[in-house]
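Some notes on the structure that comes next.
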Amino acid sequence: MAQFSNDGDQLLIGGMPISQLTERVGQTPYYAYDRKLIRSRVGDLRAVLPKNVKLHYAMKANPMPALVAFMAGLVDGIDVASAGELKVALDAGTSPQEISFAGPGKRHSELRQAVASGILINIESFREVDALAEISRELALPARVAVRVNPDFELKGSGMKMGGGPKQFGVDAEAVPELLERIAKQQLMFEGFHLFAGSQNLKAEAICEAQDKSYQLALKLSSSIRMPVRFLNLGGGFGIPYFPGEQRLDLAPIGKNLSRLVERAKDDFPEASLVIELGRYLVGEAGVYVTRVVDRKISRGQIFLIVDGGLHHHLSASGNFGQVIRKNYPVAIGTQMNANTTEMTSVVGPLCTPLDILADRMHLAQATQGDLVVIFQSGAYGASASPQRFLGHPDVVEVLV
Ligand SMILES: *Cc1c(COP(=O)(O)O)cnc(C)c1O
């Protein structure tokens, strides 16, 4: 992977040879996230985004507290999806003004914590309006809300669709006028709209189209209200390349399109900030998962490296987190980077299930017991998106380097 270099046989992570970093961490398996790569990713984005577009970090992609605190210093806001994530964002020193909360099933206690915190709540049902009105009266605090709209279109070519058609997320666009009336009647503080069409998209054209349609829809919906729109969250969906043949997302057209929308917004929404919220794109490529070879076996001619990590730490690399057809993440032997021969190898974990695959018949440097296997593109949807309790192996450690 181009973002990481090596020193002889050793892959460098955060400038340190992988064997040394492993000694520093004290165990395998572990995840390492590289601050410098995250900072330069944010810098690249800022260079193409118009200055007044706000960049938010959707922390469900990677909720490690130290990483969230680092992100809080780089971005304009943190998007949380639970009261648990809200705690991490507040602990990180994020101002409540810069936190928003989305999620289809916010419990009453979570709504209460959100109002008490003073954050922006993305409303996703009529029940939430009534509950927030009651909480706001009880606590004598305003409830700041935006409306999460389930749009009447989809994000074309996205890995995970989260809007359009029947969905558990947000309120159907058709029902939003009635919801806005209820918000006004209940005297909640309306501040804007949130539209999120989908995730993991590598096509700039499709992202621009979704942003345009989201903007149009927000404009139409705002015609019926008297309260000014202060935030217009156009979602994100920026993807990263995982598999052979995937092309990196071209940011330039997206920057151009957003500049155009910012210009239009000066007339249409004079008080609004445009917001985009990204998770994977900000942190995914900056992370690696490192696991050690425990055994090397040959079964009927096929080579298996059995490692101490697996799907219990890295469900997405095993192909069991939303992939229809399993494909290999980029993998390398981090202690044999200069090897000039490769062999067809499968990397499997220690779990007693054939689903525990990290690399299926890939060409890798020859490795033996003690070598370190690295899974790239692992900074998002890793540790926190994996079933760590399954089979009772030790927990994974996470470090920010
Ligand atoms: C998951 C999620 C995101 C982040 O998606 P990525 O693909 O990681 O960028 C952003 N917004 C909302 C509402 C989400 O649910």
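For region 214-273 and region 79-123, write down the distance between their C-alpha centroids in whole Å.
Centre-to-centre distance over Cα atoms comes out at 23 Å.
Explain nothing, just compute: Karplus ³J(HN,Hα) = 6.51 cos²θ - 1.76 cosθ + 1.60, θ = phi - 60°, for every residue of region 253-263 in order, whole Hz, x for Gly and Pro.
Those phi angles translate into x, 5, x, 4, 4, 5, 4, 4, 5, 4, 4 Hz.
How many angstrom separate the Cα center of region 346-389 from the Cα center of region 41-63?
Spelled out, the Cα-based centre of one part sits 29 Å from the other.
Rounded to whole Å, give me the distance from the Cα center of region 284-330 to that of region 150-203.
36
Write down the accessible area per residue of the chain in Å², having rolled a 1.4 Å probe over the full set of protein chains. Please report the intermediate quantities before stating the final value.
Details: 17100 Å² over 401 residues.
Value for the chain: 43 Å² per residue.
In percent, what relative contact order does region 63-278 have, based on Cα pairs under 8 Å that are 6 or more apart in sequence?
Details: 403 pairs, mean separation 32.9, N = 216.
Across region 63-278, relative contact order equals 15 percent.
Antiparallel versus total DSSP beta bridges in region 63-278: what percent is that, nearest 5?
Working: 2 of 25 bridges.
Given both bridge residues lie in region 63-278, the antiparallel proportion sits at roughly 10 percent.
Quick check: residue separation of Asn6 and Lys156 times 0.36 nm, minus the Cα distance between them. What number comes out in nm? All intermediate terms of the calculation are to be shown ahead of the outcome.
Working: separation 150, 0.36 × 150 = 54.00 nm, distance 3.76 nm.
Gain in length upon complete extension: 50.2 nm.
Treating the beta-carbon of each Lys and Arg as +1 and of each Asp and Glu as -1, no other charges, what is the dipole magnitude of region 63-278 about its Cα centre, to the nearest 20 debye? List each step's numbers first, then the result.
Working: 23 positive and 28 negative charges, 14 e Å.
Dipole size: approximately 60 debye.
Which of Val373, Val275, Val25 moves the most in a Gaussian network model of the chain with Cα springs under 10 Å?
Val25
For the chain, what proportion of DSSP beta bridges, expressed in % and rounded to the nearest 5, is antiparallel?
Details: 29 of 68 bridges.
Just about 45 percent of them are antiparallel.
State the answer as a single residue: which of Phe190, Val171, Leu251 lies farthest towards the positive end of the charge dipole of region 108-260, with beta carbon charges of +1 for Lys and Arg and -1 for Asp and Glu, about the Cα centre.
Going by the charge dipole, the pick is Leu251.
When the accessible area of region 1-49 is computed with all protein chains present and a 1.4 Å probe, what percentage of it is carbon and sulfur?
On the way: 1060 of 2370 Å².
That share works out to 45 percent.
Please work out the FRET efficiency for the pair Thr341 and Arg24, using the Cβ-Cβ distance as r and a Förster radius of 25 Å; give the result to the nearest 0.05. Can you show the working numbers first?
Values: r = 30 Å, r/R0 = 1.21.
So the FRET efficiency works out to roughly 0.25.
Give me the lysines in straight-line cross-link reach of Lys167: C-alpha distance below 25 Å, same-chain residues under 8 apart excluded.
Lys60, Lys106, Lys156, Lys203, Lys213, Lys220
Scan the chain and report its longest stretch carrying no GluC sites (Glu not before Pro) that are both in a DSSP loop and have at most 15 other Cβ atoms within 10 Å.
1-245
Return the inverse of the average 1/r over all pairs of distinct C-alpha atoms in the chain, which is the Kirkwood hydrodynamic radius, in Å to one decimal. Kindly include the intermediate steps, with their values, before the conclusion.
Numbers: mean 1/r = 0.0448 Å⁻¹.
Value: 22.3 Å, from the Cα pair sum.
Express the carbon and sulfur contribution to the solvent-accessible surface of region 63-278 as a percent, rounded to the nearest whole number, probe 1.4 angstrom. Each step should come with its number before you reach the end.
Numbers: 4770 of 9080 Å².
Here carbon and sulfur together make up 53 percent of the probe-accessible area.
Quick check on the chain: helices-only [θ] at 222 nm, where DSSP H runs of length 4 and up contribute -39,500 (n - 2.57) each and the sum goes over total residues. Nearest 500, please. Before the final figure, lay out each step's value.
Details: 10 runs with 114 residues, N = 401.
Roughly -8500 deg cm²/dmol at 222 nm, from the helical runs in the chain.
Would you work out which of Pro241, Leu400, Leu372 lies farthest towards the positive end of the dipole of the chain? Charges go on Cβ: Lys and Arg +1, Asp and Glu -1.
It is Pro241, whose Cα lies furthest towards the positive end.
So what are the ³J(HN,Hα) numbers for region 274-290, from phi and the Karplus equation (6.51, -1.76, 1.60; θ = phi - 60°), rounded to whole Hz, Gly and Pro as x?
7, 10, 10, 10, 10, x, 3, 4, 7, 10, x, 7, 8, x, 10, 10, 10
Which value in Å is the Kirkwood Rh of region 63-278 over different Cα pairs?
Values: mean 1/r = 0.0563 Å⁻¹.
When all Cα pairs of region 63-278 are included, the Kirkwood radius is 17.8 Å.
Between Ser346, Ser109, Ser214, where does the largest GNM mean-square fluctuation fall for the chain, given springs only between Cα atoms within less than 10 Å?
Most flexible of the set in this elastic network: Ser109.
Work out the length of the dipole vector of the chain about its Cα centre, built from +1 on the beta-carbon of each Lys and Arg and -1 on the beta-carbon of each Asp and Glu, and round it to the nearest 20 debye.
Dipole magnitude for the chain comes out near 160 debye.
Pop a pseudo-label 7 angstrom from the Cα along the beta-carbon direction at both Glu181 and Phe169 and give the gap in nm to one decimal.
Those two pseudo-labels are separated by 2.8 nm.
Heavy atoms only, probe 1.4 angstrom, no DNA, RNA or ligands counted: give me Asp268, Asp91 ranked by accessible area, highest first. Mind dumping the intermediate values first?
Numbers: Asp268 60, Asp91 105 Å².
Solvent-accessible surface, decreasing: Asp91, Asp268.
The values are calculated or read from the model by the stated rules, or taken from the named source; none is laboratory data. If you're wondering where the values come from, they're calculated on a predicted model, not measured in any experiment. Cβ atoms come from the backbone with ideal geometry, glycine included; neighbour counts cover every protein chain shown. Quick note on the areas: whole protein, heavy atoms, side chains included, nothing else; ligands and nucleic acids left out. Shrake-Rupley method; radii C 1.70, N 1.55, O 1.52, S 1.80 Å.
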